[in-house]
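Only one structure is covered here, and it is reproduced in the block below.
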Amino acid sequence: MKKNSSFSFKVISKDSKTKARVGQIHTPHGDIETPAFVAVGTQATVKGLSPDELREIGVELLFGNTYHLHLRPGEDVVQEFGGLGKFMNWYGPTITDSGGFQVFSLAKRIAARGGGFLTHASGDVRQPFEKIINFFPSSLSESRPPDENTQKNTRPTFSSPGNDQESSIDKNPSLVKITNDKVVFRSHIDGSLHELTPELSIQIQKKLGADIILCFDECAPYPSTREYTKEAMERTHKWAERSLAEFYRCHPELLPVSRQGVSVSTSAGEEMPKQVRHDTGREQALYGIVQGGVCKDFREESAKFISSLPFDGIAIGGVSVGETKKEMRDVLSWVHPFLPEEKPRHLLGIGEIDDIFSAIECGMDTFDCVIPTRFGRYGIVFVPPWESEAKGRFRLDINRSIYVRSNQPLSKDCECKVCKQFTRGYVNHVFKANELLAYRLASYHNMYFIVHLVKKIREAIMEGEFSKMKKEWVW
C-alpha cells in the first residue's frame, strides 16, 4: 500500500477540568502523539545524542534551525542529501523554524558583548541587550545556568531611542537591520552579509524538507515598549501573509481544484485559499506564529489574525524571551479562546517542567526547548520534585561534593539506561574530570526524563487524572 503522505491532526481526548487535550499529528514521516516534547537539533544534531539514542528515548519530532543550517552547511547541501531527516539519519517527523528568532537573539548576544546594535527601517537604533545565559558552554568551568529569580528587571526596555548611533550595517559588522521588507544581518560565523525575507525563509525551509515549517516572524524582546511590540506584531502579520503566498508558490499542489475557496488576499494582493486540501500528497505543512509580547490586546489581535489565515497549525512565539512564568501563563490564557480547535498548537521555546504542565493545561500540543541537553552539559539533571534539591526546581546539581560517594541513580524513579547503569557518584566523577561522557550521560537522562514525563501526562489526560498529576508535581 502506498504510504499516505498527507498532514493532518485530530483531537482524541480532552480533560474535563482544564484545556489539556490528547491528539495525534500525522506527517509524511510518521505520527506524533500529543502532547509531545520536541527535541531541538539546532545544527542537524541534538547536542551529545545520536539519532539512534533519540529513537531509543522515544522522541517523535525533531526541531531543526533554519538560520544555522542556512549558514552552515547551506540548504542546497542538505537538499542534495535528501533533506534534513536523511542528512542526519533521522527518519521521523521534523520541524524547522523560520530563522528570524535566531537572527534577533544572536544579534542581542553580539550587542551584549559590545559589538553592535539592532536597527530598524527608519534607522532607529535598538539598544543592546545583556547576555541572558551562556548557551554553548565549552567546559564545565563556565557559569552555571542562571536562577530566573535573579534576572527580573535587569534588562533595558526595547524601544526607539533615536538616530544618534551609527546605523549603517556596512560600517558596523554586527548590526542587524530590520525593515518591513526584510532582515539584513551578518553571520556570527564569519561576518558575511546575509538577508532573510518571508519568501526566502520559505524557500530555504522547502529545501531543508521538514514535515512542518514556520512562517517568518519578528519576536519582540522582553521587555519592549508597547509601541515597539505593536510594530513587531504588525510586521509579523504582513510577513505571515507573504510566507503563505510563497508557500503556495512552492507547493502549487495544495491549491484547490476549484477556485470556490479563494477569497482571502494578502496586503500585496496575493490570493490565498481559505481552506487547504489535505489529500493532495503534500510533503510539508505551514504553521503561523502568534506574537504580541505581554500585551493582552495585541495577543488577542494576533491570535485572531493568524487563526483567520489558512495555516495548518498555530505556533505561539515570544514566551521564552525573559518574561515571568505568570506572564507566560497569561499569554496562553489570552490566545487560547481564538485558536482553532481543529489545528495543532506549538509553543516555541519552553522546557522547564512546571512550564510544560502549564502549557499542556492551556491546551498546547507540542513544545520545544534546548534545556534537556543544555542543562545536561552543566551537570544539572532532572528529578521529580520529591528528589529535588530545592522546592519547585525539579533538578539537582550532580557536580556537588555530596554526590561523590552516592550509589543512587540520578533519579530513583527514572527507567532510562543511565539511571539503570550508572550511579550519582560515577556521573559526579566524570563531570569533575571534564570527560565528554559526562555531557552525554546527563543529556540522555534529561531528554528521557522530559519525554517520558510528557508521555505520562498524556496518559493522565486520557484517564481524567491530569489535575491530580499536576498537583503531585507542581507544588
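Which one of these does Arg329 not meet: (1) part of a helix (DSSP H, G or I); (2) more than 17 Å from the chain's Cα centre (by Cα)?
(2)
I need a count of the residues in the range 28-58 that are within 26 Å of Gln102 (Cα to Cα) and touching a Leu at 6+ places or on another chain (Cβ under 9 Å).
Here the count works out to 14.
In the range 412-433, which residues are over 31 Å from the mean Cα position of the chain (by Cα) and in contact (Cβ under 8 Å) with a residue 24 or more places away in the chain?
His429, Lys432 - these are the residues of the range 412-433 that are over 31 Å from the mean Cα position of the chain (by Cα) and in contact (Cβ under 8 Å) with a residue 24 or more places away in the chain.
Within the set of pairs 6 or more residues apart or between chains, which connect a residue that is closer than 25 Å to Ala240 by Cβ inside the range 172-190 to a residue that is loosely packed, with under 15 Cβ neighbours inside 10 Å and modelled with pLDDT of 90 or more with Cβ atoms less than 6 Å apart?
Within 6 Å, the pairs are Lys182/Glu195; Val184/Glu195.
Show the residue pairs that are 6+ apart or on different chains and have beta-carbon atoms under 6 Å apart, the first residue being within the range 448-474 and assigned to a helix (DSSP H, G or I), the second being of a type in the set (Phe, Trp, Tyr) and buried (at least 18 other Cβ atoms within 10 Å of the Cβ).
Close Cβ pairs satisfying both conditions: Phe449/Phe382; Ile450/Phe37; Val451/Phe37; Val454/Phe37; Ala460/Phe466; Lys470/Phe357.
Conditions: (1) farther than 21 Å from Gly313 by Cα; (2) within 15 Å of the chain's Cα centre (by Cα). Ile95 meets all but one. Number of the miss?
Of the numbered conditions (1) farther than 21 Å from Gly313 by Cα; (2) within 15 Å of the chain's Cα centre (by Cα), the odd one out for Ile95 is (1).
Find the strands (runs of 3 or more DSSP E) located wholly in the range 340-411 whose residues include 2 or more that are free of Cβ contacts under 8 Å to residues at least 60 places away in the same chain and surrounded by 23 or more Cβ atoms within 10 Å (Cβ to Cβ), and list them.
So the answer is 345-347.
Of the residues Glu323, Glu301, only one is in contact with a Pro (Cβ under 9 Å, 6 or more places away or on another chain) and farther than 17 Å from Thr18 by Cα; which?
Exactly one residue qualifies, and that residue is Glu323.
Within the range 10-25, can you find the residues that are out of contact with any Pro (no Cβ under 9 Å at 6 or more places or on another chain) and assigned to a strand (DSSP E or B)?
Answer for the range 10-25, where residues must be out of contact with any Pro (no Cβ under 9 Å at 6 or more places or on another chain) and assigned to a strand (DSSP E or B): Lys10, Val11, Ile12, Ser13, Lys14, Gln24.
Would you point out the residue of the range 415-467, among those that are over 19 Å from Asp368 (Cβ atoms) and polar (S, T, N, Q), that is surrounded by the most Cβ atoms within 10 Å (Cβ to Cβ)?
Here the answer is Asn428.
For Ala438, only one of the following conditions fails: (1) assigned to a helix (DSSP H, G or I); (2) over 24 Å from the mean Cα position of the chain (by Cα); (3) more than 21 Å from Leu49 (Cβ to Cβ). What is its number?
(3)
Just to check your reading of the model, which residue among Pro35, Pro73, Pro51, Pro28 is surrounded by 15 or more Cβ atoms within 10 Å (Cβ to Cβ), out of contact with any His (no Cβ under 7 Å at 6 or more places or on another chain) and free of Cβ contacts under 8 Å to residues at least 24 places away in the same chain?
Selected residue: Pro73, the only one of Pro35, Pro73, Pro51, Pro28 that is surrounded by 15 or more Cβ atoms within 10 Å (Cβ to Cβ), out of contact with any His (no Cβ under 7 Å at 6 or more places or on another chain) and free of Cβ contacts under 8 Å to residues at least 24 places away in the same chain.
Return yes when Ser302 is polar (S, T, N, Q), within 13 Å of Ser358 (Cβ to Cβ), in a helix (DSSP H, G or I) and at pLDDT 95 or above and no when it is not.
No; evaluated as a whole, the condition is false for this residue.
Which of the residues belonging to the range 77-122 are modelled with pLDDT of 95 or more, assigned to a helix (DSSP H, G or I) and polar (S, T, N, Q)?
Answer for the range 77-122, where residues must be modelled with pLDDT of 95 or more, assigned to a helix (DSSP H, G or I) and polar (S, T, N, Q): just Gln79.
Yes/no matrix, rows are residues, columns are (1) within 30 Å of Lys470 (Cα to Cα); (2) touching a strand residue (DSSP E or B) at 6+ places or on another chain (Cβ under 8 Å):
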site	(1), (2)
Ser6	no, yes
Gln24	yes, yes
Pro28	no, no
Gly82	no, no
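Could you count how many residues in the range 188-209 are surrounded by fewer than 15 Cβ atoms within 10 Å (Cβ to Cβ) and assigned to a loop (DSSP other than H, G, I, E, B)?
Result for the range 188-209: 4.
The values are calculated or read from the model by the stated rules, or taken from the named source; none is laboratory data. None of the values given here were measured: they were computed from a predicted structure. Cβ: placed from backbone, ideal geometry, glycine included. Neighbour counts: every protein chain shown.
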